[in-house]
Amino acid sequence: MFEVASQPYPLDERAATLMAENLRVKAAHEPGAEGAAGARPVADAIELRLIEDTDDPITLGGDGAEAVYYALNVPNGGGDQLALYDAVKRLHDERPRQTG
């Protein structure tokens, strides 16, 4: 379960596991890439929720939301992934752009 702007967004265990793996790869191999800054903390939070089997939501904002936005940049999952993508995309679109 993720939370974006106080709204819950469920994600099934398989999709969450895959996202965590992708975020870890991005953090390790693409440290300067867009969304990499928040990748490891979100991956750690997902893993912790899966290990503890808890439904506590992972609150996304800032770098964490950016990491998930880029991890889901090509939504290919079900409606839950698309809903989460739309939520983090709104945050992404509101972020101030960094220049040069």
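The values are calculated or read from the model by the stated rules, or taken from the named source; none is laboratory data. A quick note: this is a predicted structure, and the numbers were derived from the prediction, not measured. When we count neighbours, we look across all protein chains shown, and the Cβ atoms used for this are built from the backbone with ideal geometry, even at glycine. Side chains are part of the model used for accessible areas, which takes the heavy atoms of the whole protein and leaves out ligands, DNA and RNA. Shrake-Rupley method; radii C 1.70, N 1.55, O 1.52, S 1.80 Å.
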Discussion item. Kindly evaluate L48 against the criterion of being surrounded by 13 or more Cβ atoms within 10 Å (Cβ to Cβ) and more than 13 Å from the chain's Cα centre (by Cα).
Written reply: yes
Practice prompt. Only residues that are at pLDDT below 90 and open to solvent by 40 Å² or more (accessible area, probe 1.4 Å): list them for segment 15-31, please.
Written response: P31
Worksheet item: Out of (1) open to solvent by 60 Å² or more (accessible area, probe 1.4 Å); (2) in contact with a Lys or Arg (Cβ under 6 Å, 6 or more places away or on another chain), what's the single condition that is false for A43?
Response: (1)
Discussion item. If the requirement is being touching a Phe, Trp or Tyr at 6+ places or on another chain (Cβ under 9 Å) and of a type outside the set (S, T, N, Q), which of these qualifies: A43, A39, A27?
Written reply: A39
Worksheet entry | segment 51-83 - residue that is among the hydrophobic types (A, V, I, L, M, F, W, C), more than 8 Å from the chain's Cα centre (by Cα) and at pLDDT 90 or above and, of those, surrounded by the fewest Cβ atoms within 10 Å (Cβ to Cβ) | I51
